[in-house]
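For reference, the structure discussed in these notes is given below.
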Amino acid sequence: MTKELEGKNAFVTGSGRGLGNVMARRLAERGANVAVHDLTWDAPAKFGENANLDEVVKQIEALGVKSVGVIGNISDRDAVAKMKSDILARFGQVDILVNCAGGDIGASGGKPEPNNILGIPYEDIVTLTNNNLVGTMVVTQAFVPDMVARHAGAVVNIGSTAAHAGFSHGGIYATLKAAVVAYTRCLASEVRKDGVRVNAVSPGPTTTARFLATRTTDPSKMEGVSLERYAKPVEIANAVAFLASDQAGFVNGQVLRVDGGMSLFAG
């Protein structure tokens, strides 16, 4: 595998587990030093993926790069400031920011119930908004001004195919991911003159450990030649690695849907 990210430093939020974890490993495989993150030190164990964040750091470093683990709520400015301090102490600067933390996870730590537009509890609306939109903004404001000052950097925000169509079930999550897509384009416009690139990846349903543990899946969509299947986590991570690399050096303000064409006719 080529090492086109060698010498770069990346921070992937929500990378103790799930899609973020696979993204972090893919960036490390491409040569980047990677800071990994989760809510708590033991959160990576929730769906049996990793024992703790220490284990994740060791896995990244086993790929021949440097790593550091940070914890905290991304919508908490003080927590993000501490993350930044710890990461800069290890790396000196961050060249690649991947805003992956989020998800359709309510105040109790599971899916909101009910999860429709008119019935979803207020507490879940607040939690979803903080996790998916406010947190992305807070982390961006912490790290991107340094990229602007250096006239270099790449940001990849994680949206969802849910952002590109209308839904009742999971509608608040879909609305917030649509906002992340809009935020991506607005930020790309703001920092375009400064040489910082901002793009988004919108994954379709993907076979993470949490996905498999929390929903009924269709066995016919697990494998096969057809693109009418679930994505593999590495397929999403490959798109992130591309947008983070110089191969996408003139790609800015774009949304790459990685869903096998599921949202082919969505807006």
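Throughout, read-outs are computed from the coordinates displayed, never taken from laboratory work. Predicted model, so just to flag it, every value in this text is computed and none were measured. Don't worry about glycine lacking a Cβ; one is built from the backbone with ideal geometry, like all the others, and counts go over all protein chains shown.
Points worth noting:
- Residues located in the stretch 1-53, provided they are surrounded by fewer than 24 Cβ atoms within 10 Å (Cβ to Cβ), in contact with a strand residue (DSSP E or B) (Cβ under 6 Å, 6 or more places away or on another chain) and not in a loop (DSSP other than H, G, I, E, B): 9
- Qualifying residue in the stretch 197-215 (condition: surrounded by fewer than 20 Cβ atoms within 10 Å (Cβ to Cβ) and farther than 20 Å from residue 22 by Cα): yes
- Residue in the stretch 172-187 that is among the hydroxyl-bearing types (Ser, Thr, Tyr), surrounded by 15 or more Cβ atoms within 10 Å (Cβ to Cβ), in contact with a strand residue (DSSP E or B) (Cβ under 9 Å, 6 or more places away or on another chain) and closer than 30 Å to residue 48 by Cα present: no
- Residue 56, sole failed condition from (1) touching a Leu at 6+ places or on another chain (Cβ under 6 Å); (2) buried (at least 23 other Cβ atoms within 10 Å of the Cβ): (1)
- Considering only residues in the stretch 121-175 that are closer than 27 Å to residue 230 by Cα and of a type in the set (Phe, Trp, Tyr), the one that is farthest from the chain's Cα centre (by Cα) turns out to be 167.
- The residues in the stretch 192-217 that are more than 15 Å from residue 235 (Cα to Cα) and either of a type in the set (S, T, N, Q) or touching a helix residue (DSSP H, G or I) at 6+ places or on another chain (Cβ under 6 Å) (or both) can be counted, and the count is 8.
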